[in-house]
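Heads up, the thing below is written out as structure tokens.
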Amino acid sequence: MEAWLQEFIHLLPEGISYYLLLFLIALSESLPIVGLLMPGSTLVVLAGFLAFNSKGLFLPLMLSTTAGALLGDLLSFWLGNRFGSRMLTMKSFQKHHQLIQQSERFFCTHGGESIFFARFLGPIRGITPFIAGLSNMPGRALSIYALISAILWGISYLGIGYLGGASWQQAQSLSTRFGLLILLALTVTLIHYWLRRSLKSSGENTHGD
């Protein structure tokens with residue numbers, strides 16, 4: 001193991017405190033506005049990389065990051081549902097007005113699926129569940145999408161770091177490729193949505209004629 005890596009590992013907490021730290025990182029990244037300041041996905045990839053180098057166990061790390069991501073989405077949803085209108089008037093929210101509008105359009109276009117995709121799309125990660133709560137999305141549907149995305153996120157980003165454990169550069173490369181794969185899946189979904197909407201509109205026009 002390289003000397004710098006050994007020194008870095010010694011700076012990190014031990015045992016349950018380490019897993020709690022990863023839980024809090026994942027939770028923070030899922031909160032509106034707060035998530036913009038927390039590079040959670042990068043840190044989770046790093047945790048997988050460190051697990052390969054004997055810092056922490058993969059399963060407890062996966063459980064703690066997944067739980068943090070899920071709880072963060074649920075908390076963001078609850079905040080939007082209970083206090084959304086008031087929070088939007090806060091200075092910190094008004095500073096990110098454009099991002100909030102983007103999240104609103106994203107949610108209006110994709111509905112529940114937006115909760116899944118937002119988990120892998122950085123800036124709108126914490127805002128989208130908040131918008132879902134503000135829009136009175138059914139809590140059960142939100143929970144299902146949030147659970148599936150949190151599990152996939154916890155496994156994939158830790159796994160990327162672990163598989164790239166031989167070098168940090170390799171782990172970063174795998175993370176970039178995975179991000180591109182998610183972007184491709186989102187593009188396919190957008191095209192499918194557009195085609196379905198176009199066909200529906202065409203059918204209605206034909207029926208009207």
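Restricting attention to the range 89-105 and to residues that are in contact (Cβ under 8 Å) with a residue 24 or more places away in the chain and of a type in the set (A, V, I, L, M, F, W, C), the residue that is surrounded by the fewest Cβ atoms within 10 Å (Cβ to Cβ) turns out to be 99. Candidates 68, 80: the one that is modelled with pLDDT of 90 or more and either more than 30 Å from residue 8 (Cβ to Cβ) or touching a strand residue (DSSP E or B) at 6+ places or on another chain (Cβ under 7 Å) (or both) is 80. The condition of being within 17 Å of the chain's Cα centre (by Cα) and either under 26 Å from residue 21 (Cα atoms) or without any contact (Cβ under 8 Å) to a residue 12 or more places away in the chain (or both) holds for residue 67. Residues that are surrounded by fewer than 20 Cβ atoms within 10 Å (Cβ to Cβ) and among the charged types (D, E, K, R) were ranked within the range 6-39; the one that is farthest from the chain's Cα centre (by Cα) is 7.
So, in the range 23-49, of the ones that are within 15 Å of residue 156 (Cα to Cα) and among the aliphatic types (A, V, I, L, M), which residue ends up modelled with the highest pLDDT?
Top of the filtered list is 26.
In the range 1-57, counting only helices (runs of 4 or more DSSP H) that sit wholly within it, the ones holding 3 or more residues that are touching a Phe, Trp or Tyr at 6+ places or on another chain (Cβ under 6 Å) span 40-52. Counting the residues of the range 107-128 that are closer than 21 Å to residue 155 by Cα and not in a loop (DSSP other than H, G, I, E, B) gives 9.
Is one or more of the residues making up the range 160-179 modelled with pLDDT of 85 or more and aliphatic (A, V, I, L, M)?
For the range 160-179, residues modelled with pLDDT of 85 or more and aliphatic (A, V, I, L, M): absent.
The values are calculated or read from the model by the stated rules, or taken from the named source; none is laboratory data. Just so it is clear, the model here is predicted, and its values are computed rather than measured. Positions of Cβ are generated from backbone atoms using ideal geometry, with glycine treated the same way; all protein chains shown enter the neighbour counts.
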